[in-house]
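Encoded as C-alpha cells, the structure appears first; notes follow it.
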Amino acid sequence: MTDNNIYTNDGTVTLKNERAIKRKTGNWKACPFILGNECCERLAYYGMSTNLVNYLSDRLNQGNVRASTNVANWAGTCYATPLLGAFLADAYFGRYWTIASFSVIYFFGMTLLTLSASLKVLQPICDADAVCHPTSTQTTLTFAALYMIALGTGGIKPCVSSFGADQFDETDVRESKKKSSFFNWFYLSINIGALFAASVLVWVQMNVGWGWGFGVPAVAMGAAVVFFFSGSSLYRIQKATGSPFVSLFQVVIASFRKINVKVPKEKSLLYETIDTESQIVGSRKLEHTDKLRFFDKAAVETDSDRNKATRNQWKLCTVTQVEELKCVIGLLPVWASGIIFAAVYSQMSTMFVLQGNTMDQHIGPNFKIPSASLSLFDTLSVIFWAPVYERILIPVARRFTKHERGFTQLQRMGIGLVISLFSMMAAAGLEVVRLNYVREHNLYNEEETIPITIFWQVPQYFLIGCAEVFTFIGQLEFFYDQAPYAMRSLCSALSLTTIALGNYLSSVLVQVVAKVTTESGKPGWIADNLNEGHLDYFFGLLAILSFLNLLVYVFIAKSYTYKKVSGLPNSV
C-alpha cells in the first residue's frame, strides 16, 4: 500500500521529521542495494536452474521427457509461491521483512543443494559408462533443496520490484517519472546476473563439477542477503495494513445483499468518504468507472444505511472499494494472456537445451560451449534492448503516439507477444533444417552431435530476450500501477503466476504430446533420441498457440480501462 508517511523497520511512523527523512531515504540512493540484491539473487537462481535439465538427466538418470517435466514443474512452483509471499507482505509483515526472511530460507536451500552435489555420501554412484544410479534418498534430498529454493524465491520475487518502486513517491512529479526507469534498470540487473550464470557457471558445471557449479550460486545468494540488509537505513518502508482480501469480499457481499437495489445514473450519489484519502489508511481514492456496474450496488446508500449510527461495511462500501475490486477483475484477462508467452519463455531451460545438445558445440578445435550457455544470448539481448528501449525507442515512439512513455503498457506487452511468436517460428525452422540433415545423412542412431553449429540457435534466444524487454517489463509496471494500493505485492505475484502456469502448461503439453505421439510404438515428437523425433512439430504447436493468444490479447487490450486515481493523472 502506498502511504505518504515514512516508517522505520519496526513499523512505527515518524511524522515530526517526515520531510527530513524523505530527503535522506528512498529515491535512487536506496535503489543500488535493491538492484544489487536482485542481481545476485538472479545469478543464484539462473546459475542453478539454467542447466538443471542436464543435471537431472545425467546425475539423477532421468530421460528427456521426465527431466524437462520436472524442471518445468519446479520452475512453475518458483513462480506460484510468490502468491504466499505477497499475501504475507501485504497483510502482515510488509515487503521489507518478507524479503529479508525468505532470503534466508533461499540461502539454506542453495546450501543444501550444494552439499547434495558435493559430498560423496550424497552423490549418486556413476558406472564406467557415465550412467548414474541415484538412491531414493539422494533424489529426495535434491528435490527437497530445490523446493526450499522455490519457497524462498516466493517471498522475494513479488516484493522486490514493488519495494523498489515504493522508493519513489507518486505524489512527487519528479520522483514519479523515475519509477518507470527503475523497472527497466531492475530488469537489466536481473539479466546481468543471468549473463554470468549462463556463461561462466554453466561451463563450470559441465567441465569442473556440479559441486562448484552450485556452490558459486549459493555464495551469490549469501551476497544478495548482505546487499539487502546493507541498505536498510536508506529504505522507505511501508507498513502492512491487514488482509487486502477483506475489502474485496465486503464489496461482493454488499452487492449481492443489494441485488434488487437500483444504481443511480448520477455517480456522485454513490457513497464515498469526504476525506482526501481513502478510508483504507494510506490508500488513495479511485474515480468511478462505468465497467462492471453490478458492483456499484455496494456503494448505493439506502435509507437503512443512513439511519444507522455506524456504517456496516458488509452492506455499504465506498466507491474506492468498489473500484479496487473492478481493478482486480480487470487485471485477470491481461494476466491470463501472459500464460502462453511464459510457456514459450520456459523452452529456454528445457527444449532449447535439449535441441542444442544434438548440435556441434565447438568453438575452435578444443573448446565446447555447453548448450545451456546459449541462454546468455537471451541475456545479452535483454541487456542490449533495455537501454535501447529506454533511450531510443521511447523518444522515437513518443513523436508518433504523443504518449509520455512512447507506448502504453498494454501496447508494450503486445509487441512482446508478437516477437515471441517469431522466436518459436525460428526454433521450428532450425529443427526442420537439423532433421533434414539427419535424414539426408542417415544419422538417426548416431550418438555424436550432427555437424550443424549450435550458434544457429542464437536468433531464437535473441528474439525471446527482445520479447522479454517488452512483455515482462511491461507486466511488472502494469501490475504495479493498476493494482489496488493495498494489493500491490499480491498483484505483482499475480503477474508472476503467469510464468508458473506457463511452466505447468509446458509440462502438460510435453506429457500429452509424448503420450499421443508415442502410440503404436512410435518414438514420438520428443524422443530420448531427438534425431528420431519431431521437435519441430512441438515448436510449431507453440507458435500456433502464440498466434491465437495474440488475437485474444488484442481484443482484451482494446477493451481494458486504466485505473483512474482521484487527484492524479490517469496511469497508462
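The values are calculated or read from the model by the stated rules, or taken from the named source; none is laboratory data. A quick note: this is a predicted structure, and the numbers were derived from the prediction, not measured. As a convention, Cβ positions derive from the backbone with ideal geometry for all residues, glycine included, and neighbour counts pool all protein chains shown. The area values use the complete protein model at the heavy-atom level, side chains included, leaving out ligands, DNA and RNA. Shrake-Rupley method; radii C 1.70, N 1.55, O 1.52, S 1.80 Å.
Estimated at 0.36 nm per residue, the fully extended path between residue 436 and residue 232 surpasses their Cα-Cα distance by 67.6 nm. Checking every one of the trypsin sites (Lys or Arg not before Pro) in segment 66-125 against DSSP loop status and a limit of 11 other Cβ atoms within 10 Å picks out no site at all.
Top to bottom by accessible area (1.4 Å), largest first, where do 477, 272 land?
In descending accessible area the options line up as 272, 477.
Filter the chain for me: DSSP H helices, axial length by Cα at least 27 angstrom, mean Kyte-Doolittle hydropathy not below 0.0. List them by residue number. Could the numbers behind the result be given before it?
Working: long enough: 27-49 (32 Å, -0.05); 94-118 (36 Å, 0.98); 136-165 (44 Å, 0.80); 173-196 (36 Å, 0.05); 210-230 (30 Å, 1.49); 409-440 (47 Å, 0.74); 458-482 (35 Å, 0.66); 488-517 (43 Å, 1.10); 535-559 (37 Å, 1.73).
Helix filter hits for the chain: 94-118, 136-165, 173-196, 210-230, 409-440, 458-482, 488-517, 535-559.
The value given for segment 127-252 is a Kirkwood hydrodynamic radius of 18.7 Å, derived from the mean inverse Cα-Cα separation. A Förster distance of 56 Å, applied to the separation of the beta-carbon atoms of residue 558 and residue 119, puts the FRET efficiency at 0.45. Taking every protein chain into account, the 1.4 Å probe leaves residue 291 with about 50 Å² of accessible area, to the nearest ten. Taking only the Cα atoms of the chain, the radius of gyration and Dmax are 25.4, 88 Å. Report note on the peptides 362-368, 209-215: ranked by the mean count of other C-beta atoms within 10 Å, highest first, their order is 209-215, 362-368. Mean residue ellipticity at 222 nm, helices only, the chain: -20000 deg cm²/dmol; runs of at least 4 DSSP H residues each add -39,500 (n - 2.57), and the sum is divided by the number of residues. Around the amide H of residue 286, modelled in the peptide plane, lie the amide H atoms of 320, 566, all under 5 Å away and 5 or more residues distant in sequence or on another chain.
Report residue 46's accessible area, 1.4 Å probe, all protein chains in place, as a number in Å² to the nearest 10. Accessible area, nearest 10 Å²: 40 Å². All Cα-Cα separations within segment 42-116 were binned at 5 Å from zero, giving a P(r) of 3, 13, 18, 22, 18, 12, 7, 4, 1, each value a whole percent of the pairs.
Rg(Cα) of segment 247-374 divided by 2.2 N^0.38 Å? Before the final figure, lay out each step's value.
Numbers: Rg = 26.2 Å, N = 128, 2.2 N^0.38 = 13.9 Å.
Against the empirical 2.2 N^0.38 Å value, I get 1.88 for segment 247-374.
For segment 456-520, the solvent-accessible area works out to 26 Å² per residue, with a probe of 1.4 Å and every protein chain left in place.
Simple rule: put +1 on each Lys or Arg Cβ and -1 on each Asp or Glu Cβ in the chain, find the dipole, and look at 75, 268, 130; the Cα lying farthest toward the positive end is 268.
Distances between placed amide hydrogens fall under 5 Å for residue 237 paired with 7, all partners being 5 or more residues away or on another chain.
Simple rule: put +1 on each Lys or Arg Cβ and -1 on each Asp or Glu Cβ in the chain, find the dipole, and look at 40, 208, 445; the Cα lying farthest toward the positive end is 40. For the chain, the Cys residues with no second cysteine's beta carbon closer than 4.7 Å are 31, 39, 40, 78, 159, 317, 327, 466, 491. Ordered by solvent-accessible area of protein heavy atoms (1.4 Å probe), largest first, the residues 106, 504 come out as 504, 106. Take the Cβ atoms of residue 261 and residue 239, set R0 to 41 Å, and the FRET efficiency comes out at 0.70. Counting only DSSP beta bridges with both residues in the chain, the antiparallel share comes to about 80 percent. Here the accessible area is traced with a 1.4 Å probe on the protein chains. For the chain, carbon and sulfur cover 64 percent of it. For segment 443-518, the Cα-based Rg and Dmax, in that order, read 19.0, 59 Å.
Just by accessible area at a 1.4 angstrom probe, what is the order of 127, 378, 290 from largest to smallest?
Values: 127 65, 378 10, 290 115 Å².
Largest accessible area first, the residues go 290, 127, 378.
Projecting the Cα atoms of 331, 364, 217 onto the dipole axis of the chain, where Lys and Arg carry +1 and Asp and Glu carry -1 at the beta carbon, places 331 farthest toward the positive end. Across all C-alpha atoms in segment 310-427, the radius of gyration and Dmax reach 21.9, 82 Å. The percentage of C-alpha pairs in segment 61-181 whose separation is greater than 21 Å is 54%.
Using unit Cβ charges (K, R positive; D, E negative) and no other charged atoms, how large, in debye to the nearest 20, is the dipole of segment 380-531 about its Cα centre? Before the final figure, lay out the partial values.
Working: 11 positive and 12 negative charges, 155 e Å.
Once rounded to the nearest 20, the dipole reads 740 debye.
Heavy-atom accessible surface of segment 114-203, averaged per residue, reaches 39 Å², computed with a 1.4 Å probe. Extents of segment 359-411, taken as max minus min of Cα coordinates on every principal axis and listed largest first, are 54, 19, 13 Å. Debye calculation, C-alpha points only, no solvent: report log10 I(q)/I(0) for segment 456-572 at q = 0.10, 0.12, 0.15, 0.23 Å⁻¹, in the same order as the q values. Values returned for q = 0.10, 0.12, 0.15, 0.23 Å⁻¹ are -0.48, -0.64, -0.88, -1.41. Not counting ligands, DNA or RNA, and with a 1.4 Å probe, what is residue 441's accessible surface area in Å² rounded to the nearest 10? That residue has around 90 Å² of solvent-accessible surface. Its Cα centre serving as origin, the chain has a Cβ charge dipole (Lys and Arg +1, Asp and Glu -1) of approximately 2160 debye.
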